[in-house]
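Here the structure comes first, spelled out in structure tokens, and everything after it is commentary.
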Amino acid sequence: MKAKIQEKFEALFGEEGILYASAGRINLIGEHTDYNGGYVFPGAINFGIMAAIKPNGTDTVKLFAINRDEYVEFDLTEEGLPEQHWPRYIFGVCREIIKRGGTVKGFNAVFAGDVPIGAGLSSSAALESTFAYALNDLFNNNQIDKFELAKIGQSTEHNYCGVKCGIMDQFASIFGKEGSLIRLNCKTGEYKYFPFHPQGYKLVLIDTCVKHSLADSAYNKRRESCEKAAAAIRKNHPEVEFLSDANRLWLDEVRAEISEEDFLRAEYVIGEVQRVLDVCDALERDDYETVGEMMYQTHFGLSRLYEVSCEELDFLNKLARKMDVTGSRVMGGGFGGCTINLVKEELHDHFVETAVEKFTEKFGHAPKIYEVVISDGARKL
């Protein structure tokens, strides 16, 4: 990828660019906890975005996307907003740096990526993080701290791409560290690295290649349920700002005051916050069996209590359990996308072959398989 990017940069701009990269991410556990002020537990992975970039001495940004074979130019004023969707991720990063008092001048860039699109591995955060890191390095001498770079990516999604996402994806892309997962408290911004070196295990994503259309409206409904449950608990316990501040006993106290649906959603979230902590404890003991069991519990909660799974994901999860896979769950928002599986090496090939065969037999199309390794986030190459 590196040679291809530099080759194109030289062909377009007559010189070499400076190389930067960032990564997609997985989340081992801690799903739908981010907007509830809870913990998430992501890591950067070995799929990412790479870019060659060089200031060009003008006020114009000149971009070429290799994967799309498309060239775009824009200026750095708010009126320069590109019509196409993909350049808005980069335009937004430029504008968000400028809004924070940073400097961005015109530059040339060529980029490419290998993050599978639509698999829930956060290709957009990888793109934002690559450019946020690079522009901070090139124009601001790294004066903007890493947490602010993650927020720049998040604000880009909110203000220029129409997605009201949490901070996890951009955080993982910026802060990712090879061989470590990161426990992030989404309420306080505190984070801690935990070593993840599962000797004798592999992390495998199985992509159902489906996305059910409920996703966006259902996501907003789940959020409302959690807010209603938190508001009910707050009447008795004023210190509860987010649902993650509550415990199960406090939820039981208000069971009669909220709908059954809101109760189930809240029950899942409160349990999931605790599971993240349990997984962190287990990793410090190298206890991957407990990690795996927590993943299965999360899948059960997402399927039965939070109701964001689907037939394809449940099928893969049940198959994993039946085949003695250590851990398996739906990863991401749900209604399609991937399962993340923690598989013993000696089971790996048989599990993957069986999953592809049985899934294809049942649903008429093959799933995609991604082997992931926990890797570094945003960096200069």
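Of all the listed residues (Glu289, Glu284), the sole one being under 26 Å from the mean Cα position of the chain (by Cα), at pLDDT below 95, surrounded by fewer than 23 Cβ atoms within 10 Å (Cβ to Cβ) and not aliphatic (A, V, I, L, M) is Glu284. Starting from residues that are open to solvent by less than 10 Å² (accessible area, probe 1.4 Å) and of a type in the set (Ser, Thr, Tyr), keep the ones in the stretch 16-57 and report whichever is farthest from Tyr133 (Cα to Cα). The extreme case among them is Thr33.
The condition of being in a loop (DSSP other than H, G, I, E, B), touching a Phe, Trp or Tyr at 6+ places or on another chain (Cβ under 9 Å) and within 30 Å of Met295 (Cβ to Cβ) holds for only one of Gly24, Gly30, Gly102, that being Gly30. Return yes or no: is Pro116 open to solvent by less than 30 Å² (accessible area, probe 1.4 Å), of a type outside the set (A, V, I, L, M, F, W, C) and modelled with pLDDT under 95? Taking the combined requirement at face value, the residue satisfies it.
Condition (residue is under 30 Å from Asn220 (Cα atoms) and outside any strand (DSSP E or B)) applied to the stretch 341-357: is it met by at least one residue? For the stretch 341-357, residues under 30 Å from Asn220 (Cα atoms) and outside any strand (DSSP E or B): absent.
Among residues of the stretch 333-371 being modelled with pLDDT under 95 and open to solvent by less than 10 Å² (accessible area, probe 1.4 Å), the one that is nearest to Val204 (Cα to Cα) is Cys338.
Conditions tested, residue by residue: (1) over 20 Å from the mean Cα position of the chain (by Cα); (2) modelled with pLDDT of 95 or more; (3) in a loop (DSSP other than H, G, I, E, B); (4) of a type outside the set (S, T, N, Q).
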residue	(1), (2), (3), (4)
Val273	no, yes, no, yes
Leu277	no, yes, no, yes
Ser303	no, yes, no, no
Ser309	no, no, yes, no
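Hey, any hits in the stretch 105-112 for a residue that's surrounded by fewer than 24 Cβ atoms within 10 Å (Cβ to Cβ), closer than 30 Å to Lys368 by Cα and under 25 Å from the mean Cα position of the chain (by Cα)?
Yes, some residue in the stretch 105-112 is surrounded by fewer than 24 Cβ atoms within 10 Å (Cβ to Cβ), closer than 30 Å to Lys368 by Cα and under 25 Å from the mean Cα position of the chain (by Cα).
Looking across the stretch 138-161 at every residue that is closer than 25 Å to Glu79 by Cα and polar (S, T, N, Q), the one that is surrounded by the most Cβ atoms within 10 Å (Cβ to Cβ) is identified as Thr156.
The values are calculated or read from the model by the stated rules, or taken from the named source; none is laboratory data. Here the structure is a predicted model, which means the values were calculated and not measured. Cβ sites come from the backbone with ideal geometry, for glycine too, and all protein chains shown count toward neighbours. Surface accessibility is based on the protein's heavy atoms, side chains included, excluding ligands, DNA and RNA. Shrake-Rupley method; radii C 1.70, N 1.55, O 1.52, S 1.80 Å.
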